[in-house]
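Here is the structure we will look at, set down as structure tokens.
The values are calculated or read from the model by the stated rules, or taken from the named source; none is laboratory data. Everything numeric in this text was worked out from a predicted model, so none of it was measured. Reconstructed Cβ throughout: ideal geometry from the backbone, glycine too, with neighbour counts over all protein chains shown. What goes into the accessible areas is simple: the full protein's heavy atoms, side chains included, and nothing from ligands, DNA or RNA. Shrake-Rupley method; radii C 1.70, N 1.55, O 1.52, S 1.80 Å.
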Amino acid sequence: MLARNIPGVALALIIAYVGAKSSHFIGVNVLGFSKSPISSIMLAIIFGIILANIINLPDRFDDGFKFSIKYILRFGIILLGIRLGLLDILKIGIIGLPVIAICIISALVIANYLSRSLNISSKMGSLIAVGTGICGASAIVATAPAIEAKKEEVTYAIGVITVFGIIAMLSYPFLAHFIFDGDELFIGLFLGTSIHETAQVAGSGLIYSTQFDSPKTLDIATVTKLVRNTCMVIVIPVVSYIYYRNQKDKSQANKTSILNIFPFFIFGFIGMGILRTIGDYGVENTNYAFMLFEVSVWEEVIDFIKTSAEYLLAIAMAAVGLSTNISSLRSLGLKPLYVGLITAVSIGILSIASIYLINILGITI
């Protein structure tokens, strides 16, 4: 079973490696900087998109791309938890929760209103709403059986979400740096609340981290997105209830299992944060982490896990690029694109406004 994933994972690894080498060559060898100002992650995504759309890649690569986006990405995010202590994770989550709530509720209201105004099916509107508000394709796939959406509607909604999510992933890091004047907390909150997919948030965070030398921004964006993902367990049953409340036949309502939609890898991320907290506590009080590792060894362990996480995420981001089919845009139609575009832009604006409110209130971490 795992053997069929090898071609796609290997190609994603190669693209990630080429992105890293190209970033160094252009930034250091050509432009003369001591550290390249060009994000290797962004190059990996762009190279992946270019390759996927100029060469008709065989189907045998698809399993590896899906494996990278689903499992390698999640494992990389779990390892990212070592960068933060448990208290840091809780602080960021609490600060980001109001912004997350505003963005999710607004996405549901705006997308459904636009769908009704443009005579798009309520199922399509609901799928675009949860995809924009929570976590892209994952939320769409989890919501579809709850409202009995057709396969064509699911594919359509995922296409719309993917288009604007990738645009946001590549542009928002630079837009956020300009709007928030380099403030790591606000930029991380913005990336985590305004971009659709977990993979896209991780990619935008990595782009910002490498482009502006701000690892903390990636941490904040990741925690914010994970809290947002968790909201699926509340939002999807609510969407299902609202949909069937408006239907004449309410007897066919499907119930979506909480176990099927809960993003359990969040526990791994928190677990790594707990591991970091316990290890740091031991170092501060006994000069040994877990009564085993000296300070220097513990720091090397942390650096190794951090580096591993970044490599895994780079592979996943390359797979995102390699899975992007630009020609599919032609079949999306205009009305759902309007809904996706207006909803995405609205959520971005509301995220910025909410974050400025946090700034006025003087909230920091």
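Numbers for the structure displayed
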| item | result |
| --- | --- |
| Helix 215-230 vs. the chain, principal-axis angle (Cα, 0 to 90°, nearest 10) | 40 |
| Selection of trypsin sites (Lys or Arg not before Pro), the stretch 120-169, meeting DSSP coil and at most 15 other Cβ within 10 Å | 150 |
| Whole-number accessible area per residue in Å² for the stretch 90-208, which is evaluated in the context of all protein chains at 1.4 Å | 34 |
| Percentage relative contact order, the chain, counting C-alpha pairs under 8 Å, at least six apart | 31 |
| Reachable aspartates and glutamates, given that their alpha-carbon falls under 17 Å from the alpha-carbon of residue 21 and they are not under 8 places away in the same chain | 310 |
| Proximal charge balance of residue 225 [Cβ under 13 Å; K/R count +1, D/E count -1] | 0 |
| Label-point separation in nm, residue 87 to residue 101, each point 7 Å along Cα→Cβ | 2.5 |
| Nearest 10 degrees, 0 to 90: helix 335-361 Cα axis against the chain principal axis | 50 |
| Ordering of 45-57, 7-19, 276-288 by packing [mean C-beta count within 10 Å, highest first] | 7-19, 45-57, 276-288 |
| Rounded, prolate or oblate (a/c below 1.5 giving rounded, otherwise prolate when a/b exceeds b/c) for the stretch 2-108 by Cα gyration tensor | oblate |
| Residue of 204, 327, 22 that the Gaussian network model of the chain assigns the largest fluctuation, springs spanning Cα pairs under 10 Å | 327 |
| Mean residue ellipticity (222 nm) of the chain, computed from DSSP H runs ≥ 4 via -39,500 (n - 2.57), nearest 500 | -24500 deg cm²/dmol |
| Rounded to 10°, Cα long-axis angle of helix 86-117 versus longest principal axis of the chain | 20 |
